1. Determine, yes or no, whether E101 is in contact with a strand residue (DSSP E or B) (Cβ under 8 Å, 6 or more places away or on another chain), surrounded by fewer than 15 Cβ atoms within 10 Å (Cβ to Cβ) and of a type in the set (D, E, K, R).
2. Within segment 205-217, is there a residue that is within 23 Å of L122 (Cα to Cα), open to solvent by less than 20 Å² (accessible area, probe 1.4 Å), small (G, A, S) and modelled with pLDDT of 95 or more?
3. Taking only pairs six or more apart or across chains, which ones have beta-carbon atoms under 8 Å, a first residue in segment 163-175 that is surrounded by fewer than 23 Cβ atoms within 10 Å (Cβ to Cβ), and a second residue that is of a type in the set (K, R)?
4. For the structure I just gave you, tell me whether V71 is aliphatic (A, V, I, L, M), over 14 Å from the mean Cα position of the chain (by Cα), part of a loop (DSSP other than H, G, I, E, B) and at pLDDT 95 or above.
5. Could you list, in sequence order, the residues of segment 34-68 that are more than 21 Å from T173 (Cα to Cα), among the small types (G, A, S) and within 17 Å of the chain's Cα centre (by Cα)?
6. Among the candidates A25, A16, A38, which residue alone is open to solvent by less than 10 Å² (accessible area, probe 1.4 Å), of a type in the set (A, V, I, L, M) and in a helix (DSSP H, G or I)?
7. Can you tell which of R211, R199, R203 is without any contact (Cβ under 8 Å) to a residue 24 or more places away in the chain and basic (K, R)?
8. Out of all the residues in segment 63-78, which are surrounded by fewer than 17 Cβ atoms within 10 Å (Cβ to Cβ) and within 30 Å of G208 (Cβ to Cβ)?
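The values are calculated or read from the model by the stated rules, or taken from the named source; none is laboratory data. As the structure is a prediction and not an experimental result, all values here were calculated from the model. So basically every Cβ, Gly included, is an ideal-geometry build from the backbone, and we count neighbours across all protein chains shown. Surface areas here come from the heavy atoms of the whole protein model, side chains and all, with no ligands, DNA or RNA. Shrake-Rupley method; radii C 1.70, N 1.55, O 1.52, S 1.80 Å.
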Amino acid sequence: MAIYALKHEIAFPPVALTDRSGILAVGGDLSPERLLEAYRNGIFPWYSEGDPILWWSPDPRFVLFPHEIHVTKSMRQVLNRGYFDITFDRSFREVILACREPRRDNAGTWITDEMTEAYTELHRLGYAHSVEAWQGGSLAGGLYGVSLGGCFFGESMFSRSSNSSKAALITLTMALKEIGFLLVDCQVYTEHLKSLGARHIPRDEFIGIVRKGLRSETMRGDWGSILAGSALRD
């Protein structure tokens, strides 16, 4: 199946036209308008430095439903004993820069300068958000993603201290559960996310949930104040 070449138009082709690997289109730009249109249609950008922008919509899709979050006894102890101070939108740029640092498995290096600036702009506009896990006053882990309606589209996470990224994601997911979010999009499979309850669902089901979530108003702005009252509950 041919991959669609984007030009100046913002609209994307139907996701049913993706190839077997999940690639739908190539080209275009990372303007806020195009990125938001992509997420509204279950599409996300993922490419390497020096390559054209690739737009993906894999089938099946790996997601975490907030009501299915799995918190082990040990992780609950980590959270309850306050090993980490979890914040929202305190240091978005620091988080995205940490996510792009090379790792032992080379994950994270796909966050190019162009991607960094594009998502920083989405953060400025109130659509992209970060979750930080602090330890001893230093950033120990965290994640960032995009929020539209009742859906959160996770982009990347990092960990400099054991369990820090898990603590950030669990705290975020529990907070989103309290305010009625439908899902956290994890995009592609990882053992790390599976251990927290993420699972594959058919892309058609995923698109249907996103469309339902888009009926809700997008929670733009500083999540540090919006989610301040949400906490992990037994």
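1. It is true that E101 is in contact with a strand residue (DSSP E or B) (Cβ under 8 Å, 6 or more places away or on another chain), surrounded by fewer than 15 Cβ atoms within 10 Å (Cβ to Cβ) and of a type in the set (D, E, K, R).
2. Yes, segment 205-217 has at least one match.
3. M174/R233
4. For V71, the condition - aliphatic (A, V, I, L, M), over 14 Å from the mean Cα position of the chain (by Cα), part of a loop (DSSP other than H, G, I, E, B) and at pLDDT 95 or above - is met.
5. A38, S57
6. Within the list A25, A16, A38, the selection yields A38.
7. That would be R211, the only listed residue that is without any contact (Cβ under 8 Å) to a residue 24 or more places away in the chain and basic (K, R).
8. H67, E68, H70
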